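The values are calculated or read from the model by the stated rules, or taken from the named source; none is laboratory data. Remember, it's a predicted structure, so these values are computed and weren't measured experimentally. All Cβ positions, even for glycine, are placed from backbone atoms using ideal geometry, and neighbour counts span all protein chains on display.
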């Protein structure tokens, strides 16, 4: 079976190259201690999500941006949680390379009945405003 062809309309339609699904500068946090360290750090709530952020210490790798995603059972059943996390992943992929800071960890937490249904441009604006507030007057 051959893979599907790239779409004909788009930025790289002539070359047949599609943008990567995950940004090069982002890596995903997967270990529980990383999430716990972020939970003890700064946090900022918005209408569509909660964002936790922390600067990594000197004994940790300081290159790149790490991001984690979580949704509790309050968000809904597995289908609703997965939908909310997919939306958070896409928002992070679009926003964090431009507005996130190198050497920082971010955890995006979905909100019940809001993250999955909120308009996508509002989710993007929520993340941008949360990052501005988290990095305000801080280096």
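Restricting attention to segment 104-139 and to residues that are outside any loop (DSSP other than H, G, I, E, B) and free of Cβ contacts under 8 Å to residues at least 40 places away in the same chain, the residue that is surrounded by the fewest Cβ atoms within 10 Å (Cβ to Cβ) turns out to be 121.
Each row is one residue, and each column tells you yes or no for (1) loosely packed, with under 14 Cβ neighbours inside 10 Å; (2) at pLDDT below 90.
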residue	(1), (2)
28	yes, yes
36	yes, no
53	no, no
79	yes, no
86	yes, no
94	no, no
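Of the strands (runs of 3 or more DSSP E) that lie entirely inside segment 24-103, those containing 3 or more residues that are in contact (Cβ under 8 Å) with a residue 40 or more places away in the chain and farther than 14 Å from residue 128 by Cα span 26-28, 65-70.
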